[in-house]
Amino acid sequence: MRTHVMTQLRTLEAESVHIFREVAAEMQRPCLLFSGGKDSIVMLNIARKAFAPARIPFPVMHIDTNRNFPEVIAYRDRWIEQLGLKLVVASVQDAIDRGLVREEPNGSRNRIQTQVLLEAVERHKFDALFGGGRRDEEKARAKERVFSFRDEFGQWDPKNQRPEIWNLYNGRVHSGESIRAFPLSNWTELDIWSYIAGEEIEIPDLYLAAEREVIERGGMLFAVNEFVPLRPGETAHTRKVRYRTIGDANLTAAVESDTETVAMIVDEVAAVRIT
């Protein structure tokens, strides 16, 4: 009898495909969270494979902080149009204008995204959200189940999670409850970039090193843009930088780098000791 040995990435991909199909089969109204970052890019690509040749059978949702890099929004829109998907945009700025949330003095909109997300889940009656969280990122995510249960208030209680034996998942929820499904739970950052390289997936140019106009604040380099204007006494300089992660343009710092290709990113990530 012939045997077939799968590579590490193909094993991870097969697991993720199974999770997508399991959620689609068990839940009534799933949705995929998409930010335009590397993890959600891989997640969307695997979702496409999981249901090919049909279209992805659920919408994509972006929690728009209105502080995004323009390159990320353009990238998001290209993918949505190319795959023929329904895009749900939940605007943080709209929530601020309506008084639902209050912007923090430091300009960060990360914390207030949660309320905007919960409102969108309630409005669209989503009972499952696909997220790109990985267990290698931090301790809090390390103890997340693949199917992470949320109560009717959108709260996560680590003591109120279901057992996951092998690849058996329990998606049963009552009205108002939901799950967060994490198809990339067992992936690492190196796995993500190796997969992007192997699949030749297009990524936002921000991940690649290029000459960019930046200013230095607090020992970090920030690109000069509409969200990061020059302050009195500051001078912009042109440096070759890239972004290891993509977040809000006013808070995400770049790093000096000569990494101009995805293959070079793989080598760079493989050499570092932190994720």
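Brief remarks on what is shown
- Any hit, segment 81-94, residues being of a type outside the set (Ser, Thr, Tyr), closer than 28 Å to Ala25 by Cβ and in contact with a Gly (Cβ under 9 Å, 6 or more places away or on another chain): no
- Every residue from segment 171-194 that is among the polar types (S, T, N, Q) and out of contact with any strand residue (DSSP E or B) (no Cβ under 8 Å at 6 or more places or on another chain): Ser175, Ser185, Asn186, Thr188, Ser194
- Subset of segment 76-94 (residues that are farther than 15 Å from Asp64 by Cα, in contact with a helix residue (DSSP H, G or I) (Cβ under 9 Å, 6 or more places away or on another chain) and part of a helix (DSSP H, G or I)): Trp79, Leu83
- If you go through segment 114-132 and keep only what is part of a loop (DSSP other than H, G, I, E, B) and either modelled with pLDDT of 95 or more or within 22 Å of Phe153 (Cβ to Cβ) (or both), you end up with Lys125, Phe126, Asp127, Gly131.
- Gly233 over 20 Å from the mean Cα position of the chain (by Cα) and either surrounded by 13 or more Cβ atoms within 10 Å (Cβ to Cβ) or more than 17 Å from Lys38 (Cβ to Cβ) (or both): yes
- Filter result for Ile246 (touching a residue at least 60 places away in the same chain (Cβ under 8 Å), over 26 Å from Arg109 (Cα atoms) and not assigned by TED's automatic domain parsing to the domain that holds Ser40): no
- Condition check for Arg48: in contact (Cβ under 8 Å) with a residue 60 or more places away in the chain and charged (D, E, K, R): no
- Residue in segment 52-74 that is assigned to a helix (DSSP H, G or I), surrounded by 19 or more Cβ atoms within 10 Å (Cβ to Cβ) and small (Gly, Ala, Ser) present: no
- Residue within segment 95-113 that is in contact with a strand residue (DSSP E or B) (Cβ under 8 Å, 6 or more places away or on another chain), at negative phi and not in a loop (DSSP other than H, G, I, E, B) present: yes
- Qualifying residue in segment 99-115 (condition: under 19 Å from the mean Cα position of the chain (by Cα) and aliphatic (A, V, I, L, M)): yes
- Residue ID - nearest to the chain's Cα centre (by Cα), chosen from residues in segment 78-98 that are surrounded by 14 or more Cβ atoms within 10 Å (Cβ to Cβ) and polar (S, T, N, Q): Ser91
- Only one of Ile63, Ile80 that is over 19 Å from Val116 (Cα atoms) and in contact (Cβ under 8 Å) with a residue 12 or more places away in the chain: Ile80
- Pick from segment 253-275, criterion in contact with a Phe, Trp or Tyr (Cβ under 6 Å, 6 or more places away or on another chain) and under 26 Å from Asn186 (Cα atoms), ranking: surrounded by the most Cβ atoms within 10 Å (Cβ to Cβ): Ile265
- Boolean, Lys143 is more than 30 Å from Ala271 (Cα to Cα) and either among the basic types (Lys, Arg) or touching a Pro at 6+ places or on another chain (Cβ under 7 Å) (or both): no
- Single unsatisfied condition, Ile41 versus (1) surrounded by fewer than 19 Cβ atoms within 10 Å (Cβ to Cβ); (2) of a type outside the set (S, T, N, Q); (3) in contact (Cβ under 8 Å) with a residue 24 or more places away in the chain: (1)
The values are calculated or read from the model by the stated rules, or taken from the named source; none is laboratory data. What you see is a predicted model, and the numbers here were worked out from it, not measured in a lab. Here the Cβ is made from the backbone with ideal geometry for all residues, glycine too, and neighbour counts use every protein chain on show.
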